[in-house]
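In what follows, a single structure is set out as C-alpha cells and then discussed.
The values are calculated or read from the model by the stated rules, or taken from the named source; none is laboratory data. As the structure is a computational prediction, the values presented were derived from the model and not from experiment. Reconstructed Cβ throughout: ideal geometry from the backbone, glycine too, with neighbour counts over all protein chains shown. Heavy atoms of the whole protein, side chains included, go into the accessibility calculation; ligands, DNA and RNA do not. Shrake-Rupley method; radii C 1.70, N 1.55, O 1.52, S 1.80 Å.
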Amino acid sequence: MSQPIIQMKNIEKHFGSVIALAGVSVDIHAGECHCLLGDNGAGKSTFIKTMSGVHKPTKGEILFEGKPLNFARPRDAIEAGIATVYQDLAMIPLMSVSRNFFMGNEPIKKFGPISMFDHEYANEVTMTEMRKMGINLRGPDQAVGTLSGGERQTVAIARAVHFGAKVLILDEPTSALGVRQTANVLSTIDKVRAQGIGVVFITHNVRHAMAVGDRFTVLNRGKTYGTAMKDEVSPEELQDMMAGGQELATLEGSLGGTV
Amino acid sequence: MTETPQTAAPDERVKTRSRFREALIRPELGGICGTLLVFTFFLLTAFDSGMFNAQGTMNWTIVSAQFAIIAVGACLLMIAGEFDLSVGSMIGFAGMMIAIFSVTLGWPVWIAILVTFVLCIGIGALNGYIVVKTGLPSFIVTLAFLFILRGFTIFLPQTIERKTIIGGIRDVSDGDWLAALFGGKVFKGLFQWFGDIGLISTFERGTKAGQPVVDGIPMLVIWALALIFVGHFVLNRTRFGNWIFASGGNAQAARYVGVPVNRVKIAMFMFSAFCATVFAVCQVMEFGSAGADRGNLKEFEAIISVVIGGALLTGGYGSVLGAALGALIFGVVQQGLFFAGVESSLFRVFLGVILLLAVILNTYIRRMITGEK
C-alpha cells in the first residue's frame, strides 16, 4: 500500500491523573474507510480530537504525509486537509444551508476596498453540491434546522469534501439517525472514499462499520487491539473486542444472542 | 468531483411555497407589522394633534433615531450571542468624560471626544475579554459594569466639581469641527427652501421670523441611518457578518470550522460601546451639559427594540433592519401617546403589549423559517 496520509504513532493523552489514551497507533490511507470502533469511554473522541488538533498528545508522534506535525489549533488541521464532522456540532440550525456550507470559508467578492460575501457564488455552489449528494433543497437560503439529521451530516460531509479535505473524520455520524438516513450517510461515505479521500469513521455500531469499512481498529480503555482488514475479522469478533471480550459473551448468552 | 451532477428527484415531501409567502416570511416581518399597526393607530387617533406635521415628525424621528443608535449595537451583539447591560451607564459615563475633559480640564473638544471614544471602546473590549476568557454569562459581567460605570459617573463630577451635572459644553464646543459632526444639523438650505415655498410652516414672529420650524436634519438622525446601513451591510453582506451569526448560533460549531469566535464577540462588545458613545456625544452636544443620571435604563430600551425587531435573545438570529423598526415603533409610541393626549403612565402598558405581541409573532415567524420545534 502507498504511503499513508496520516500516521499516528503510540499516541498517549493524559488529562490530569486520567490516562485517556495509552499508546494508540493508527494510520489512514487515501481512499480507504478506516473504522474506529469502541464502546463509550474507550477514548475514541479523545483520539480524533488529537488528530484534528483540538488536543495535543502527551506523548507520541503524528506524521502527516510522512512529515512530523504538531497542530496548535484546529484551524491548522483544517488547513492541512483534515476535516472533522462532529455529531451534534456539524451545522448551525438557525443559519441557511449556504451560510453554513461556507462558514469559516466565505467566498469574497471585491468592490474597491470593500470585500463582500459573494452570496451568488455561495448559493450556486451549495445547490450543486447538495444535488450531487442527492439532497433537494427548496433554496440555498433554507435554514439547516429544516433538514433531517442525516441531511445535516451529508451537508457537513459535502462541505468538507468541497474544501479539499484529504482526511475526513466522522464522529459517530450515524448514531442518532434512523435506518433510511443511516443508509444515506453510509452511501455518502462510499462516494467520498471513491474520490480518494481517507475517511475515519467512528462508531460503536458494528453493522454500520462492516457496511462501509475497509479496515477496523478497536479501541478499548485507551488501548488498541491492532488493526484488521475487512476479510480478517467477523462482526462478532469486533463486537467482542469492543466490549472487552469475556463479559459480553456471558451477557449475550443470557440475552439469547440479540446484542 | 468527477461524477456528473445528477438531479435528485423532487422530494414529494417538500411542499412548494409561493414566492409571495417566501418574500413575506422574513425576520423583519414582526417589525413591519408592528410599524404598520402603530402608524395606523396614531394616524387614526392623533392625526389632528400635529404629530404628523414637520415639527411633530421631527420630534418622533429624533427619539426613534436615539433608540436606533443603541439598538444597532445591541442587535449585532445579541446576534453574536451576548448582551450588554452596561449601555445605559456607558452613555452617562461617556457624556461625563467629555464634559470633564473639555470643560474641567479645558482640552479641545475634539480631543475630548476622541479620547472618550477610545476609553469607552476600551471598556467595551474589557467587557468582551472578561466574558470570553471566563466563560461567564455576559448578563452578569455587563451588569457589574452597569454599576461600576454609573458609580464613576456620579463619583467623578462630585469629587471634581462638587455637582452631578457639568454644563457649559456648548460654549467650548462652538466651532469645533468634530463636535459639529455630532451636534450639528444638515440640509439647512433645503429646509429653508421648504419653508420659503410653504411646504413646512415658518415662524411668524420673534427673532426667528421667516425661518422654518424645522431647520435641518440633526446629525443624530444621520448617525442612526449610517449605523443602520453599516450594521445591515456588515451582517448580511460580509464574511464577518456570517461569523457574527455563527458565533451566536453555536460558538463551538463555529470554532470547529475556524471562525475566530472570541475575536468576533469582543469586537461586538466594542461596537456596542461605540454606539453608546455616539449616543452620548450627540446628547451632550444637544443639551450642552452632561448629567450623572443620563442614559438610565437605555440598555433595556435597546434590547426591547432589538427583540421587537425579531432577534433571538439567545443569539444566532436577527436583523438590523428589524431592530431599526423596533426603535421606530418605540419612538413613535412614546411620543405618539403624548400627542394623542394619553396619560403618560400608560406608555409602559402600551409598550408592554406591543413587546408581547411582537415577540409572539416573531417566534412563529422564526419557527417557520428555521424549522425549530
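Values for this structure:
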| quantity | calculated |
| --- | --- |
| Cα centre as origin, Lys/Arg/Asp/Glu Cβ charges: the stretch A:107-251 dipole, Debye | 420 debye |
| Amide H contacts of A:Leu69 (H built 1.01 Å from N, under 5 Å, at least 5 apart or other chain) | A:Ile62, A:Phe64 |
| Solvent accessible area, Å² - B:Ile360, 1.4 Å probe, full protein context | 90 Å² |
| Point-to-point label distance, B:Ile32-B:Thr104, nm (Cα→Cβ direction, 7 Å offset) | 5.0 nm |
| Selection from B:Ile369, B:Val103, B:Thr153 lying farthest towards where the dipole of the protein assembly as shown points positive, charges on Cβ | B:Val103 |
| Accessible-area ranking of B:Leu181, B:Leu156, largest first, probe 1.4 Å | B:Leu181, B:Leu156 |
| Two-decimal ratio, the protein assembly as shown, of alpha-carbon radius of gyration to 2.2 N^0.38 Å | 1.18 |
| Percent carbon-and-sulfur accessible area, the stretch B:238-335, ignoring ligands, DNA and RNA, probe 1.4 Å | 60 percent |
| Local net charge near B:Ser289, Cβ-Cβ under 14 Å (Lys/Arg +1, Asp/Glu -1) | -1 |
| Exposure rank, largest accessible area first [A:His34, A:His162, A:His208; 1.4 Å] | A:His162, A:His208, A:His34 |
| Total formal charge among the other residues, if their Cβ is under 10 angstrom from that of B:Val257, Lys/Arg +1 and Asp/Glu -1 | +3 |
| Taking only Cα atoms of the stretch B:114-185, radius of gyration then Dmax in Å | 16.2, 46 |
| Within the protein assembly as shown, percent of DSSP bridges classed antiparallel, to nearest 5 | 60 percent |
| At least 50 Å² accessible surface lost relative to isolated chain, residues of the stretch A:121-144 (1.4 Å probe) | A:Arg131, A:Lys132, A:Asn136, A:Arg138 |
| Accessible surface buried upon A-B contact (total; probe 1.4 Å; Å², nearest 100) | 3300 Å² |
| Per-residue average of Cβ from other chains inside 10 Å of B:242-248 | 5 |
| Derived scalar couplings ³J(HN,Hα) [the stretch A:109-117; Karplus, 6.51 cos²θ - 1.76 cosθ + 1.60; whole Hz; x for Gly, Pro] | 10, 9, 10, x, x, 9, 9, 10, 5 |
| Nitroxide proxy distance, nm - points 7 Å out along Cα→Cβ at B:Thr314 and A:Glu124 | 3.7 nm |
| Cleavage-rule hits (trypsin sites (Lys or Arg not before Pro)) in the stretch A:65-164: DSSP loop, at most 16 neighbouring Cβ within 10 angstrom | A:Arg138 |
| Whole-angstrom Cα spans of the stretch B:248-373 along principal axes, big to small | 54, 36, 20 |
| Förster radius 56 Å - calculated FRET efficiency between A:Arg180 and B:Asn53, Cβ distance, rounded to 0.05 | 0.30 |
| Computed [θ] at 222 nm, helices only, for chain A once each DSSP H run of length n ≥ 4 contributes -39500 (n - 2.57) | -10000 deg cm²/dmol |
| Accessible surface of A:Val54 - all protein chains present, 1.4 Å probe, nearest 10 Å² | 50 Å² |
| Selection of GluC sites (Glu not before Pro), the stretch B:273-373, meeting DSSP coil and at most 14 other Cβ within 10 Å | B:Glu343 |
| Assigned charges on the beta-carbon of Lys, Arg, Asp, Glu; the protein assembly as shown dipole about Cα centre (debye) | 400 debye |
| Share of carbon and sulfur in the accessible heavy-atom surface of the stretch B:96-175 [1.4 Å probe, %] | 70 percent |
| Distance between modelled label sites at B:Asn262 and B:Tyr129, nm, 7 Å Cα→Cβ extension | 1.2 nm |
| Per residue, in Å², the accessible surface of the protein assembly as shown once ligands and nucleic acids are set aside, probe 1.4 Å | 45 Å² |
| Complex-versus-alone comparison for the stretch A:92-106, residues with a loss of 50 Å² or more in accessible area, probe 1.4 Å | A:Ile92, A:Leu94, A:Met95, A:Arg99, A:Met103, A:Glu106 |
| Rg/Rh (Cα only; Kirkwood hydrodynamic radius) as it applies to chain A | 1.00 |
| Residue-averaged [θ]222 nm for chain B, counting only DSSP H segments that reach four residues, each worth -39500 (n - 2.57) | -22500 deg cm²/dmol |
| Span from the the stretch B:97-116 Cα centroid across to the the stretch B:314-373 one, whole angstrom | 37 Å |
| Computed FRET value (nearest 0.05) for A:Ala72 with A:Phe15, which takes r as the C-beta separation and R₀ as 22 Å | 0.75 |
| Fully extended contour minus Cα-Cα distance, from A:Arg131 to A:Glu232, at 0.36 nm per residue | 32.7 nm |
| Positive minus negative residues near A:Gly222 (Lys, Arg vs Asp, Glu; Cβ under 13 Å) | +3 |
| Exposure rank, largest accessible area first [B:Cys33, B:Cys75; 1.4 Å] | B:Cys33, B:Cys75 |
| Taking the convex hull of Cα positions in the stretch A:18-107, its mean projected area over all directions (nm²) | 7.7 nm² |
| In Hz, Karplus ³J(HN,Hα) per residue of the stretch B:97-112 (6.51, -1.76, 1.60; θ = phi - 60°; x = Gly, Pro) | 5, 4, 5, 5, 4, 8, 8, 6, 8, x, 6, x, 4, 5, 5, 4 |
| Rounded FRET efficiency, nearest 0.05, which uses the C-beta distance separating B:Leu356 from B:Leu190 and R0 of 51 Å | 0.80 |
